[in-house]
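The values are calculated or read from the model by the stated rules, or taken from the named source; none is laboratory data. Everything quoted here is computed from the prediction, not taken from an experiment. Every residue, glycine as well, gets a Cβ built from its backbone with ideal geometry; the counts of neighbours run over all protein chains shown.
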Amino acid sequence: MPNNKPVALVTGGSRGIGRGICQALGAEGFRVLVNYNSNLEAAEETCQMIQAAGGEAISCQADISHAEHRDLLLDFCMEHLGRLDLLVNNAGIAPPTRYDLLEMPPESFDLVVGTNLKAPFFLTQAAARLMIKQLEEKIIPSATIINVSSISAYAVSTNRGEYCISKAGVSMATALFAVELAKYGIRVYEIRPGIIETDMTAGVKKKYDKLIAEGFSPIKRWGKPEDIGKAVAALARGDLPFSTGEVINVDGGFHLRYF
């Protein structure tokens, strides 16, 4: 692919929220690197959807919870796309089992926090170093990092405490990198989704259908992956040039805590 267009790397981009983000960025003119861990078919489908709409996309398998895979992913990006303008840390997992807080084993904590917090933290660290070098060499005109967290960063769920802790950590990581990277002109943002309709939430659809109908949020509908994609696209375009470390709530107004 020619390297005159900006490049976006989206982790966990093969389905759900990640797919919505990839499609929105493809429509914005980014060449999209769709990172996936295990579902090649879904990743290729996402690429095909972007290409069918006139965009450019390529996929790369990497489990970003492993340091060597993070290096592989960035090396792949530079080898095949020649630059990196935007990193979207979207990949994440829910606890395989929902344990009561007093029963949660260390293994579950390590798995979820390692995947949802440690992995994007160190991928951001490596990507930021790469972006700084590219900015200094005038390979790219600007750079942006976007972290996808969750309303669970502040809304307590005691039967998935490790998930809440991981997302709260993502929020602090966003603030830390926003301050550290501002001097280089790299803006860092957090997108905080609410209840989004994906295959990951299919198992709790009835529960949230009822909660939404009863006033869970002022906007009484499920969020869609494209809702997150539109928010990411606005930040990727540079629509908030005098903001960094900002939290963009895409949650139907849940954060307003109204009554």
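Screening Glu190 with (1) over 30 Å from Asp110 (Cβ atoms); (2) among the acidic types (Asp, Glu); (3) in a strand (DSSP E or B) gives one miss only, at (1). Among (1) surrounded by 19 or more Cβ atoms within 10 Å (Cβ to Cβ); (2) touching a Ser or Thr at 6+ places or on another chain (Cβ under 8 Å); (3) hydrophobic (A, V, I, L, M, F, W, C); (4) part of a helix (DSSP H, G or I), which single condition is Val113 missing? Failed condition: (1).
Quick one: in region 132-160, which of the residues that are in a loop (DSSP other than H, G, I, E, B) and among the β-branched types (Val, Ile, Thr) is farthest from Asp100 (Cα to Cα)? Applying the filter and picking the extreme gives Ile139.
Return yes or no: is Thr158 modelled with pLDDT under 95 and surrounded by fewer than 18 Cβ atoms within 10 Å (Cβ to Cβ)?
Working: modelled with pLDDT under 95: no; surrounded by fewer than 18 Cβ atoms within 10 Å (Cβ to Cβ): yes.
Spelling it out, it is not the case that Thr158 is modelled with pLDDT under 95 and surrounded by fewer than 18 Cβ atoms within 10 Å (Cβ to Cβ).
Return the residues of region 116-129 that are crowded, with 17+ Cβ neighbours inside 10 Å and aliphatic (A, V, I, L, M); say none if nothing qualifies. Correct list: Leu117, Ala119, Leu123, Ala127, Ala128.
Can you tell me which residue is farthest from the chain's Cα centre (by Cα) among those in region 222-259 that are exposed (fewer than 12 other Cβ atoms within 10 Å of the Cβ) and of a type outside the set (Phe, Trp, Tyr)?
Keep residues of region 222-259 that are exposed (fewer than 12 other Cβ atoms within 10 Å of the Cβ), which gives 238-239, 241-242, 256-259.
Next, from what is left, pick out any that are of a type outside the set (Phe, Trp, Tyr): 238-239, 241, 256-257.
Numbers: Gly238: 17, Asp239: 18, Pro241: 20, Leu256: 23, Arg257: 24 Å.
This residue is Arg257.
Yes/no matrix, rows are residues, columns are (1) closer than 20 Å to Pro225 by Cα; (2) at pLDDT below 95:
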site: Ala24; (1), (2): yes, no
site: Ser59; (1), (2): yes, no
site: Asp71; (1), (2): no, no
site: Phe76; (1), (2): no, no
site: Gly82; (1), (2): no, no
site: Ala94; (1), (2): yes, yes
site: Pro105; (1), (2): no, no
site: Ser108; (1), (2): no, no
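For Ser149, indicate whether it is crowded, with 19+ Cβ neighbours inside 10 Å, at pLDDT 95 or above and of a type in the set (S, T, N, Q).
Details: crowded, with 19+ Cβ neighbours inside 10 Å: yes; at pLDDT 95 or above: yes; of a type in the set (S, T, N, Q): yes.
Judged against the criteria, Ser149 is a match.
Considering Asp85, Asp71, Asp63, the condition of being under 26 Å from Gly161 (Cβ atoms) and among the acidic types (Asp, Glu) is satisfied by Asp63 alone.
Out of the residues in region 1-22 that are farther than 17 Å from Pro120 by Cβ and surrounded by 24 or more Cβ atoms within 10 Å (Cβ to Cβ), which is farthest from the chain's Cα centre (by Cα)?
Kept after step one, since they are farther than 17 Å from Pro120 by Cβ, are these residues of region 1-22: 1-7, 15, 19-20.
Then drop every residue that is not surrounded by 24 or more Cβ atoms within 10 Å (Cβ to Cβ), which leaves 7, 19-20.
On the way: Val7: 15, Arg19: 10, Gly20: 11 Å.
Among them, the one singled out is Val7.
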